[in-house]
Structures are given as C-alpha cells and as structure tokens.
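Taking it in order: structure first as structure tokens, then the write-up.
None of the figures in this text is laboratory data; all of them are computed from the coordinates on show. Everything numeric in this text was worked out from a predicted model, so none of it was measured. For neighbour counting, all protein chains shown are included, and Cβ atoms are generated from backbone atoms with ideal geometry for every residue, glycine included.
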Amino acid sequence: MSTLTSMPAWHALQNHAQEITHTHLRDLFAADDQRVERYSASAAGLYLDYSKNRINDTTLALLKQLADEVSLPEMAQKMFRGDKINHTEGRAVLHTALRSRSDEPLLVDGVDIRQEIKATLAKMKTFVEQVQQGDWKGHTGKQFTDVVSIGIGGSFLGPKIMAESLKPYWNKDLKCHFVANIDGTAISEKLKQLDPETTLFVMSSKSFSTQETLTNTLTARDWFLAHKLPEEAIGQHFVAVTSNVAAAEAFGIDKDNVFPMWDWVGGRYSMWSAIGLPIALQIGFDHFEQLLEGAETMDQHFLTAPVESNLPMLMGLLGVWYTNFFGSQSHVVLSYDHYLRGLPAYIQQLDMESNGKSVDNQSNQVDYSTGPVIWGGEGTNGQHAYHQLIHQGTGVIPADFILPLTSHNPTGRHHAMLAANCFGQTQALMAGKTLEEATVELQQAGLAEDAINALAPHKVMPGNKPSNTLLMDKLTPTTLGALVALYEHRTFVQGQIWQLNSFDQWGVELGKVLGNSVLDDLESATPKLNQDGSTVSLIKKFRNGEI
C-alpha cells in the first residue's frame, strides 16, 4: 500500500464517497438555497462556481485534510522559493519567477535569477518595439509584416494559443505564424504565403538541436537563401531563443539576437519567458506584461488564500475527488469563447505531460489512478457532438465551462445565446431529466401510450454530472494570464496529492530516441533493421514507397 492510500484522509474520503454517491445534486440544491454562495469564489478577475459538484461541507473538509497530510501548502512554498522539487533532473521549478515583479533576490545555484529575468524582459521589450516601429527591418530595408515562430511542444503550443486568444489586441501590421510539425507540408504551406524580404523567423529550442525545430529552421533558411537573399542577411531575419549560443552563431544568428532559456523552466511552462517573444511581437510588449501581471496575481492568490476560497486548490482537489473516488478517467474543458478555442489543447499538454505518471516521488509504482485524459473544445459546437457522451454516457466526466461575460464582438443576440447555452448545459448536466418528466413531456406532445413507454427511457438524463463554471468580465491579457496560471497551479495541486514529479517528462524522451534510430534506417543506404518485426516491415514499406 502506498503512503497516499494509507493516509487517514484517504480512507475517510473512500467512506464518504460511498455515503454521498447516491445523493443527487438536485437534492443538494433543493436542501440549500445558499449553496452557490457557499460554493463559489473569486480571484484575479475570475469567478468560480463549483456548486454543481457532488460535494458537501464534509467533502471539502476531508479534501483539505488530504492536502494538509501531503503537505501541499509547504510544497507550494518550496516551488516558489526555488527548491529543486524536480528531483529526477535536479532542477528548481520557477516559471512563477518569470512573472514576479518582486525585487527580493532569488538564488538558483548561487545566481540571482531576478536580474537575469529583468534583463531578458528588457531585451525583449527593446526588440519588440524595434520590430513594431519599423526600426528593425529586413535586409532590403522593408518593414517586417510576418513572424514565423518555429518550436515544438511548449515552445510552440503556448505562444500559438495565447497569441490566438488575444487577437483583439494584435498589432495589425504584423502577423505571427506558428510551425511545429515535422511534416514538411506544415512549413511549406506557411512559406507559400510569405515574402522572405518581410519575414522574421523566431527559432525556439533550448539545445538548438531539437529534431523537429532544427529541421524546420533549416528548411526556412534554405527557402530564404533560395530567394537570392545573401547569407549575411540571416542575422537580420532570424533570432533564436536558446541556451546554445554557439550553435545559434554557427547558424548565422548574431549572439545579440539570442534570447536565453533556463533549466529551471519546463517547456510547457515557458510561455512566460523569452519563448513568449512571438506573443509579445503579436500583441505588443505592454500587453505581454499584462499577461504576466494576471498570472502573478493568481500566483499570490494560490500562495495565500485558504483552501476553501483558493481557486487552484479547489479545482485540483475536486479533480482528485472524481479521479480517485468516482473512477473518472477524463476531464473535459469547454471554452465558450471563439478566441479561447485552443485552450483545451493547451491544458491537455500542461496536465497530461505533467501528471501522466505511474511512479511516485519515492520511485514506487502507484496503486491509484493519476492524470486523467484532458479533452474538450469550443462551445457550442460540442453540444451537437460529444456532449451526448457527457449527458448519457456511463462514466463520470467532470467538466469546466469557461465564459467571458462581455464579448469583444457584440453582435445581435449572439453572446446572450452563447451564455444561455453555457449555463443551460451546466444546468442540464446537474439536474438531468427523470423518467417521469420524460413521460409527461411525451404525453404533452400527444404520443400514444405504447410509443411513450418505448421512447421515454431513451430521453432520461441521469443528471448528477459535475461541472465547474469559470467566468471573467472580459477576455483580456490580464484575465488570460490569470486563467493559465490557475490551470498551472491546479495541475501542481493534483501532482502533489498523487505524489508525482509534475515537472519531468521521461515518457516523451523514449519516442524521440527510438525515432532517431528509425530515421537512420529510413535514410541509410545500409539499414540495420534490428527493430521488432512490425517496425522493420513498416520501414521497408516506406523505403519502397508503396504498400
């Protein structure tokens, strides 16, 4: 038995889950007309209604007890002060420092990283302003109109989704494009749209050797030179975010155009660093700073607010509640805002790369469920597709509904209809529809009794399906920063409860290593073909170019 499952709070939660499992949310609301006031909280411009969860005061008290028993508040303090909580790699975890405005020294291996962060932000600001104001031009003297950000994983997804989410704040004279996929079609289709004389490339790779990123960058370089631009022009059109300055210089990038990366920032947490340069180029540095400020406000809330009003703590603990005591295997994120349509994919990477683990901090195989599948999409599209599974499927799928109260594009009744769908879905998930209600509905529609008896069971919705509703006044850089930081800390909370290292990703590495071996066999004149039978067969088909 693991340490976690032997804790008193864990046993108490198991017993409590058996007691509450047959209690319906309808009954909980009927018994308490103040339920939403008691089970809601606000912070950093966000409002969380968690009243439509299968919980009562006992649930929250036991979840808080579990958080205390795993020393969750102390672990949060360790992260913020730079302890090396990423123990498998011997690294601090300090993405929070990237958005902190504190002047208090913060040492990592004897170096005050506050000064490095400030220097990098100042360098980013100067560069962004030079590009946006036209002081930094291309080799032929033309102002840049397009930026191509080349990265992979967190170096790609964070900048892309944050930039897309903040389209109302875009610099209208500059358009950012994002490339990650090693599929040559991805970069080829992007380059077809662009003029090399007015295109700036931002290459993001800590090592300057990440296979996908380096290959795409070399392809961009070849495209650039193929348009009769001289090699010495590369320094004006290519910048890098990397820790390998020598490799960047060898590529042709001036060392003054290299922005640093640090080991104490994981890729999926790196958009707050110079990895966020494409965001700043797209929305302007002032708005990028507002993104940082929103995240810092959520950081301080997470560190200081009591559990019962702490948004990341509440959402993280509720996730544990359903994963470990209701057998939930997935969690759906539903963005009721077109600009936030990419957010579920961002949270998917953040959560599943962090907590998709089965070995605990003591190197033991866990005997409890960890990281659920994170999925979702844009409302109201999902209501005509996968919401069916959430409403009438056999499993428990907790849901997060996210809605700005004010639209950037007020158009007729659109936003009221969007909000009505959002709120109506949470109500339907909570209340459901009984057999009696379905029967009455069909009787009122004039159906015959035998038709009613046959059809009514199919129209029953069990309800009692849990959901959170997250509201903000308006989607701004500040509220978006707070929202992303909220999900970062929610992920941390769950990882700490499950006693995982949420900051390594060894599962990602194996595929890279084997992929390199396969690539050798795909391209070599004398392939070794020492893989398993299936892989060897696939390699041969690729080399032959036919099935």
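Pairs exceeding 24 Å between alpha-carbon atoms, taken from Lys118/Lys167; Lys125/Lys255; Lys206/Lys528; Lys190/Lys528; Lys78/Lys474: Lys118/Lys167; Lys206/Lys528; Lys190/Lys528; Lys78/Lys474. Extending 7 Å from the Cα toward the beta-carbon at both Val440 and Leu303 defines two label points whose distance is 5.4 nm.
Between the helical axis of 343-355 and the longest alpha-carbon principal axis of the chain there is an angle of about 90 degrees. Annotation: the residues Ser534, Ser209, sorted from fewest to most other C-beta atoms within 10 Å of their own C-beta, follow the order Ser534, Ser209. Under 5 Å from the amide H of Ser330 lie the amide H atoms of Val373, each residue being 5 or more positions distant or on a separate chain, with H modelled from the backbone and absent for Pro and chain starts. According to the Cα-based calculation, Rg over Rh for the range 108-289 is 0.93, with Rh computed by the Kirkwood formula. Ranked by the mean number of other Cβ atoms within 10 Å per residue, highest first, peptides 146-153, 347-354 order as 146-153, 347-354. Sort the range 7-62 into rounded, prolate or oblate with this rule: let a ≥ b ≥ c be the square roots of the eigenvalues of the Cα gyration tensor; rounded if a/c is under 1.5, and if a/c is not under 1.5, prolate when a/b is larger than b/c, oblate otherwise. Since a/c reaches 1.5 but b/c is at least a/b, the shape of the range 7-62 is classed as oblate.
The magnitude of the dipole of the chain, with charges of +1 and -1 set on the Cβ of Lys/Arg and Asp/Glu and taken from the Cα centre, is near 660 debye.
Taking 0.36 nm per residue of separation and subtracting the Cα-Cα distance, full extension of the segment from Asp195 to Asp263 would add 21.0 nm.
The 3J(HN,Hα) values that the Karplus relation (6.51, -1.76, 1.60; θ = phi - 60°) gives for the range 510-526 are, in residue order, 4, x, 5, 4, 5, x, 5, 5, 5, 4, 4, 6, 5, 9, 6, 6, 10 Hz. Gly and Pro appear as x.
For Leu389 and His24, a Förster radius of 22 Å and the Cβ-Cβ distance give a FRET efficiency of 0.65, rounded to the nearest 0.05. Multiplying the residue separation of Ser534 and Asn15 by 0.36 nm and removing their Cα-Cα distance gives an extension gain of 182.1 nm.
Shown in residue order for the range 108-113 are the 3J(HN,Hα) couplings computed by the Karplus curve 6.51 cos²θ - 1.76 cosθ + 1.60 at θ = phi - 60°: 10, 6, x, 10, 6, 6 Hz (x for Gly and Pro). When the alpha carbon gyration tensor of the chain is reduced to an equivalent ellipsoid, its three semi-axes come out at 43, 28, 26 angstrom, largest first. Place a label point 7 angstrom from the Cα of Ser369 along the Cα-to-Cβ direction, then list the residues of the range 447-488 whose backbone nitrogen is under 16 Å away. Hits in the range 447-488 for Ser369 at 16 Å: 465-467. Protection proxy ranking of 133-143, 329-339, 484-494, 399-409, by the mean of other Cβ atoms within 10 Å over each peptide's residues and highest first, is 484-494, 329-339, 399-409, 133-143. Kindly identify the range 267-381 as rounded, prolate or oblate by the Cα gyration tensor criterion: order the square roots of the eigenvalues as a ≥ b ≥ c, call it rounded if a/c is under 1.5, otherwise compare a/b with b/c, prolate if a/b is larger, else oblate. Taking the square roots of the gyration eigenvalues as a ≥ b ≥ c, the range 267-381 is prolate. Residues whose amide H comes within less than 5 Å of that of Asn468, counting only those at least five positions distant or on another chain, are Ala399, Asp400, Phe401 (H built at 1.01 Å from N in the peptide plane). Take each peptide in 513-522, 429-438, count the other Cβ atoms within 10 Å of every residue, and average; sorted highest first, the result is 429-438, 513-522. Looking at the range 108-289, the DSSP beta bridges with both ends there are about 10 percent antiparallel. If you find the alpha carbon centre of the range 134-204 and of the range 488-547, how far apart are they in angstrom? If you average the Cα positions of each part, the centres end up 28 Å apart. Computed from backbone phi, the HN-Hα couplings of the range 428-435 come to 5, 5, 6, 7, x, 9, 7, 4 Hz, rounded to whole numbers (Karplus: 6.51 cos²θ - 1.76 cosθ + 1.60, θ = phi - 60°; Gly and Pro given as x). Annotation: aspartates and glutamates with alpha-carbon distance below 15 angstrom to Lys433 (same-chain offsets under eight excluded): Asp27, Glu441. Rounded, prolate or oblate: which fits the range 372-479 when a ≥ b ≥ c are the square roots of the eigenvalues of the alpha-carbon gyration tensor, with rounded for a/c under 1.5 and prolate only if a/b beats b/c? Prolate is the answer for the range 372-479, as a/c is 1.5 or above and a/b outweighs b/c. Please work out the FRET efficiency for the pair Ala122 and Thr88, using the Cβ-Cβ distance as r and a Förster radius of 45 Å; give the result to the nearest 0.05. Once rounded, the FRET efficiency stands at 0.85.
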